[in-house]
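Let me begin by presenting the structure, written as structure tokens, before commenting on it.
Computed from the coordinates by the stated procedures, all read-outs in this text should not be read as laboratory data. These numbers were taken from a predicted model, which means no experiment stands behind them. Cβ: placed from backbone, ideal geometry, glycine included. Neighbour counts: every protein chain shown.
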Amino acid sequence: MSVPLLAARDITKSYGRSLVLDGVTLDAGRGEILGVAGENGAGKSTLLRILAGIVRPDRGQVAINARLGYCDQESHLFPDLTVAEHFEYFARAYGIATTSGWVPVRDGLLERFRFHQYLDARARELSGGTRQKLHLSLALIHQPDLIILDEPFLAFDWDTYLTFWDEADRLKSEGAAVVIVSHVAHDRDRFTRIFELSSGVFH
Amino acid sequence: MRGDYVATSFGMVLRELSRKRLVIVLALVLPPIFFAAVVATAGNRIIPIELAGADGAVVSVEERRQSLVFIGVAAAALIAAFFASNLIQQQVEANRRLVLCGYRSSELIVARLLVLLCVIAGTATYTWLIAGVFARELFAPGVLLGMAGGAFVYGCYGLLAGALFRRDLESIFAILVLINIDAGWLQNPIYYATAGSKWLIEALPAHHASQVAYLSAFTSHFIGTAMIGVLSYGAAFLAVAIAIYERRMRVVR
């Protein structure tokens, strides 16, 4: 049996007296697209932030055996840096800046998500949708094999939404695991598995 | 600590800062406005001032020149504090994401400190040059050191305010209150001479930097002791600011 790319065990998290996650367990293997759904405030984003390593759980463990790409719900960018500079900065962070391989990956993302014309535009000049495209692309530039995405397509138009799913399918076919938090009730057949989060546990 | 990571971050932070054109224009305009206000309002009578850094020695100086030194240190401190606060406060979440992607928080901090050093050097030199236009004897290198000292101490205080408060309104308030009371008021040696609680003035952050500038402009007194005070104060602010920022940047993995 192959080792899962992501193995989360008994994740528990409270904020004050409010129990947000109560012993959540989740595995993600190669070639899977997992959905985490639930009401507002159900703890979906908290779970993903724990999986990504941003928030420490009160109890439980997360093991990641993969290169991680993480895309938060909000587009946290540098307003006065250009799109090209963002890619350069994050390529350095991922440790791939000195290799030439990341440039074709970047160009492919720019092409597929159709924002190559904004390469020299500053982030503050971009529309909400284009900022989201950049935000998402920064999570993919190092060709991760585990991608954790929190509401990645909220600001997308329909074409970009479809492009997103093409990209997710491509990653899946290359053996990556994709974990997506979403409110979206339709397109459920695009997911390998969907976990409904309610009252801090999966249903 | 990886040099190429620091260099990339340094370059990006510098680019971000250099693109805030309006902020830079305001920073360039501020010292001439301060100096012009002094020249327009301060007289040319000779007044006695008491210098704590010269063991309380009293020296007679022209009121306008004394005021130019005083306001120069205050202007350099104010500009450096605002830039420093902005450097550390902005885009915390984006920086945190960089840490998640492989940067070490220490590399991001060092890059910011290097940018801050550039800001301090640039601000102090510019303010010093403008001061020299109004009074040539203020071109003394020690006056530059005093202004750089004020910018350093308050630059580090700005870092602390930026690290401590998540929103800029609070940090701006924290900076304005202390700089106004300290560099903009109590460090004026006219007040020091008649002050009831001199220990309070000597305990404030801008005290040593102001003394370096005054001693260099109007005496030949040794400035080493005051410089140690400058460095100690700045280092203390810096250590606390780094500790807080590092904690905010921390990720689990």
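Structure notes:
- With a cut-off of 14 Å between beta carbons, the residues surrounding residue A:104 carry a summed charge of 0, where Lys and Arg count +1 and Asp and Glu -1.
- When only alpha carbons are used to place a centre, the range A:146-188 and the range B:147-219 end up 53 Å from one another.
- The phi torsions of the range A:24-34, fed into the Karplus equation with coefficients 6.51, -1.76 and 1.60 and a -60° offset, translate into couplings of 6, 10, 8, 10, 10, x, 4, x, 10, 10, 9 Hz, rounded to whole numbers, with Gly and Pro shown as x.
- Shape category assigned to the range B:195-242 from the gyration tensor of Cα positions, a/c cut at 1.5: oblate
- Each of B:249, B:147 was scored by other Cβ atoms within 10 Å of its Cβ. Arranged with the fewest first, they read B:249, B:147.
- Sequence-distant residues sharing a close amide H with residue A:59 (under 5 Å, placed H): A:12
- Here the Debye sum runs over all C-alpha atoms of the range B:3-249 as equal scatterers in vacuum, and log10 of I(q)/I(0) at q = 0.10, 0.11, 0.14, 0.16 Å⁻¹ comes out as -0.47, -0.56, -0.86, -1.08.
- Near residue A:181, once Lys and Arg are set to +1 and Asp and Glu to -1 for all other residues with Cβ below 9 Å from its Cβ, the sum equals -1.
- Helical segments meeting 24 Å axial Cα length and Kyte-Doolittle -1.0 threshold in chain B (DSSP H): B:21-41, B:63-89, B:105-134, B:141-164, B:224-249
- About the Cα centre, charge dipole magnitude for the protein assembly as shown (Lys/Arg +1, Asp/Glu -1 at Cβ), debye: 400 debye
- Positive minus negative residues near residue A:91 (Lys, Arg vs Asp, Glu; Cβ under 12 Å): -1
- Taking the Cα centre of the range B:3-249 as origin and assigning +1 to Lys and Arg Cβ atoms and -1 to Asp and Glu Cβ atoms, the resulting dipole is close to 680 debye.
- The ranking of B:156, B:118, B:101 from fewest to most other beta carbons within 10 Å of each one's beta carbon is B:118, B:101, B:156.
- Cα gyration tensor shape of the protein assembly as shown, rounded if a/c is under 1.5, else prolate or oblate by comparing a/b with b/c: prolate
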